[in-house]
Structure formats: C-alpha cells, structure tokens
Amino acid sequence: MDVEPSVMVGSDQPSPWWSVGRYADRKPFLTARRAITKAVRAWFDEQGFAEVESAILQVSPGNETHLHAPRTEIIGNDGARATRYLRTSPEFAAKKLLAAGEAKIFEFARVFRDRERGDLHLPEFTMLEWYRANTGYDAVMADTIVVIAHAARATGIGRFSFRGRTADPFAEPELLTVAHAFERFAGIDLLATIANGEGDRVALAAAANARVRVTDDDTWSDIFSKVLVEHVEPNLGQGRLTVLFEYPAPEAALARTKAGDPRVAERFEVYACGVELANGFGELTDAAEQRRRFAAAMDEKQRRYGERYPLDEDFLAAVAAMPPSSGVALGFDRLVMLASGALRVDQVVWTPPAGET
C-alpha cells in the first residue's frame, strides 16, 4: 500500500519538511528559486550595481507604526548589555551607503517581522532591495518591471496566477494613481480628504462609510488601509502588472512629496494577481521631516501596541547627507512563488520557519 509522503506511518502528524517525500514536492520550486536568483543577480551586475551585505542587528528595526520586529540582546566584552533588533528592512543601512558615496546598490536581504504568518507572509523572508542615486523614481519603477520579467523568463512561465487571478508579466503594465484607483473601485475622491499634507479623518470617514466598516477609533490611515485592502488591491494586477503610484502624503513613509502637489508622495507599489510585490520611493532627504514622521509613527505605535522603537540617529544624519535617490523593496519570496507556480511562499524557501513542519 502506498503511503502519503506527507504523513508518517502510524501517525496522523505531518512528517518533517525535510523528509524525502515532502522535500521532493518542494524541490521544483527551489530549483526555480535558484534560476531566478541567478538571472536577477546577473541583470543587476550588467546594469553596474554593486551587491552589498548589510548588518542584520540594528539599533532600530524601522519606525513604521504597524511593523513589528524581533528583539535580542548583545553582551559586550565588559559584560554590558545592549538591546538590538532584527531588521525589518535593509533600508537604513542602504541609505548610509548612499551617503558614503555608493551610487547603485542592491541586496538580497534577510529580514524579520513579528505578527506575520500566512500564505503571503513569513516571519523571516528575503527582501530584494536596490537604490539608485541621483535618479528619479520612474527609473526604479522601470527596474521593477524588468526584474519581474527576468524572473518569469528564468522559469519559462507564461502567466502568473494566484487564487483565480492571472497576470502577464511581459505585458505593458497598467499605470494607476492611488487617487484614480480609489475613484474607480470605491467611488471615493481621496485627494479631497487631504489638506496641507494631512488627512482629514472626518471627510474620509464620511466618504468611505458606505464602503467599509468605520469605527470611532479608526484614524485616517486606518480607513485608507481598509478601502485599499477591501476594494482596491483585489482589482490590481489583473491580466497584467499594475503600478500603483502617487500615494497620499499621509502614507508617504520614507518618500518625498511630489513637487507641485503636496497632497501626494513619490511612492509606488507593483501588483500582480492582487499580490503586492514591490514598494518603492523617491527617497526623502529632509532629515527634520523624516524625524517628524518617525516620531508621529512611534507615538501611534505606543498608543496601539504599548511599545516604540528608538530612532537611529546615525540614519537620520545619513538622510541629511545622502544625494537625491530612489529605491525599491521587492518581496523576493512572493516573486518566486508567482514565477514558479507555487501556492504559498513557504513552498519556495529552502527551510521553513523554525518550529514549523
């Protein structure tokens, strides 16, 4: 009698991921991962990028409200203890390298996030991140489309598919502003709820109340996120890639605002089959403004979660010294998942998260 390879004989518990049968099921996805990594690395090399390897342990893991990082403690030779965090992104280190004079850099970075696990999320994953100094963010938008096409070409896949949606990675991408997406898919005039770079919570709540459930505790950003997730994202990357750009200023994060229109920022995301693959910025170089944004985000994190992360003063100094730049963070595991035909990101990583089978 044949025995299902994912189940141990005499037990109803799944066998370890490294059992021969289960590993054989994952091996084609890992072979695809190798091919994609090789192709993407070769493209960056051809474009004159320097591959870097930045430190994982950081004084601050990032200062965004809803990102959570594992923490640890290091002990010096004198026995003194210091708190460190596992990075949620290599961004802080990369911008220090830009300030040091690097012009074109990329990294296959191991990053870590608490409170994240699902078909599209892992607590430890690979982020492909790259930066161009003295270049507008339209250039890194174009880079992103090329990188995705190289991944698809490396595996020979013709179309991406996920949960019943498909996208042609070689077709001309759809370019869509966030404001137009909110108007098209939710009937909301998003820019009418923004003034002086700040969101008008009352105005957005009134506009969105018929589309999403709005609670008294929801901020402007909460309501924005609900509409984005429930009504906009499912419609993106259908048939072809979508580049969603000009994010509203309250969601600028580490991006600069658009010259001539402070209501929006030079931030974009790329979607395929409703899956967010990449998040890019025309990078903010105003250290005082970056400090203000970080402080506000940490105040909100403290209110919501009872914790806050320190500011990396070295990073803020580098922001003031770095040249005008643009950068992108791409979820490499998600890209491999789509380009290999896998159903979940844990199928395309060499070793699943510790403690999982």
Check your understanding: Projected onto the charge dipole of the chain (+1 at Lys/Arg Cβ, -1 at Asp/Glu Cβ, origin at the Cα centre), which of N196, V214, A32 gives the Cα projection farthest towards the positive end?
Key -> A32
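Provide the gained length on full extension for the span I157 to Y305, in nm with one decimal, where the gain is 0.36 nm per separating residue minus the Cα-Cα distance.
Taking I157 through Y305 to full extension adds about 49.1 nm, to one decimal.
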Check your understanding: What does the range 260-349 give for Rg and for Dmax, in Å, if only its C-alpha atoms count?
Key -> 17.1, 45
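Dipole size in debye (nearest 20) for the chain around its Cα centre, Lys and Arg Cβ +1, Asp and Glu Cβ -1?
500 debye
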Study note, to complete from the structure: In this structure, among K27/K95; K104/K226; K258/K301, pairs with alpha-carbon gaps over 30 Å are K27/K95; K104/K226
Study note, to complete from the structure: Fewest-first ordering of L204, L330, L57 by Cβ atoms within 10 Å yields L57, L330, L204
Exercise for review: Please give the residues of the range 35-53, grouped as numeric ranges, whose backbone N is less than 18 Å from a label point set 7 Å along the Cα-to-Cβ vector of R110.
Suggested key: 37, 52-53
Review point. If you count, for each residue, the other Cβ atoms within 10 Å and average over each peptide, how do 289-300, 137-148 line up from highest to lowest?
Key: 137-148, 289-300
Exercise for review: Would you mind ranking R117, R334 so that the residue whose beta carbon has the fewest other beta carbons within 10 Å leads the list?
Suggested key: R117, R334
**Study point:** Evaluated at q = 0.11, 0.12, 0.15, 0.19 Å⁻¹: base-10 log I(q)/I(0), Debye formula over Cα of the range 154-299
**Key:** -0.45, -0.53, -0.80, -1.15
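Rounded to the nearest 0.05, what FRET efficiency is calculated for Q13 and E183 with R0 set to 56 Å and r the Cβ-Cβ distance?
For R0 = 56 Å, the calculated efficiency reads 0.65.
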Revision key, fill the gap. Two pseudo-spin positions, 7 Å from Cα along C-beta at T215 and at D78, lie apart in nanometres by 4.7 nm
Revision key, fill the gap. Any aspartates and glutamates whose Cα falls less than 16 Å from that of K96, other than same-chain ones fewer than 8 residues away, would be E51, E53, E107, E129, E283, D286, D312, E313, D314
Review point. Points 7 angstrom from Cα along the Cβ direction at A321 and D261: gap in nanometres?
Key: 3.6 nm
Practice item. Just subtract the alpha-carbon distance of D314 and A296 from 0.36 nm times their residue separation and send over the number in nm, one decimal. Key: 4.6 nm
Review point. What is the Cα coordinate range of the range 1-154 on the first, second and third principal axes, sorted by size from largest, in whole angstrom?
Key: 65, 50, 31
Review point. In nm, to one decimal, how far is the modelled label at L120 from the one at E289, with both set 7 Å along Cα→Cβ?
Key: 2.9 nm
**Study point:** For the range 31-54 and the range 282-357, distance of Cα centres in Å
**Key:** 21 Å
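All of the numbers you see were taken from the coordinates with simple rules; none came from a lab. It should be emphasised that the depicted structure is a prediction, and the values quoted were computed from it without experimental measurement. Note that each Cβ is placed from the backbone with ideal geometry, even for glycine, and that neighbours are counted across all protein chains shown.
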